[in-house]
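Participant: Below is the structure I would like to discuss, written out as structure tokens.
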Amino acid sequence: MNIYMNIMTPTRRVTANLPTNLLKEACDISGTGITATLIQGLTMVARSRAAAKAVRLKGKLKLDIDLEVSRERPRR
């Protein structure tokens, strides 16, 4: 069973025309098969979008936090 797929994750079968050299290079770099390589690439796209959204927030959140006080709170 692939580490990226489990019983709880819905999947969708797709057909795509991909450049052969790009797919081979990506699989060689990742060291995995086509499905795992595509999942890794799609995950990277999603993460890059989330990172871009976080960068756009820079300077827009006004937080008044005393780090020294927050570090001294009791652990759960």
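What follows draws every value from the coordinates through simple rules; no lab data is involved. None of the values given here were measured: they were computed from a predicted structure. In this analysis, Cβ positions are derived from the backbone assuming ideal geometry, glycine residues included, and neighbour counts consider all displayed protein chains.
Participant: Translational diffusion coefficient of the chain at 4 °C, 1.567 mPa s, Stokes-Einstein with Kirkwood Rh over Cα pairs, in µm²/s as a whole number.
Facilitator: For these conditions, the coefficient is 78 µm²/s.
Participant: Along the positive direction of the dipole of the range 29-76 (beta-carbon charges: Lys, Arg +1; Asp, Glu -1; about the Cα centre), which of Val69, Ala52, Ile29 reaches farthest?
Facilitator: Ala52
Participant: Okay, helix-only estimate at 222 nm for the chain: each DSSP H run of n ≥ 4 adds -39500 (n - 2.57), divide by all residues, round to 500 deg cm²/dmol; what do you get?
Facilitator: After summing the helix terms and dividing by residue count, I get -17000 deg cm²/dmol.
Participant: Ok, one more. Using the count of nearby Cβ atoms within 10 Å as a rough guide to exposure, how do Met44, Met8 rank from fewest to most?
Facilitator: Met8, Met44
Participant: Which residue, Ala26, Ala16, Ala51, tops the fluctuation ranking in a GNM of the chain built on C-alpha contacts under 10 Å?
Facilitator: The residue that fluctuates most here is Ala16.
Participant: So if I place +1 on the C-beta of Lys and Arg and -1 on the C-beta of Asp and Glu, and nothing else carries charge, what would the dipole magnitude of the chain be about its Cα centre? I want it in debye, nearest 20.
Facilitator: 360 debye
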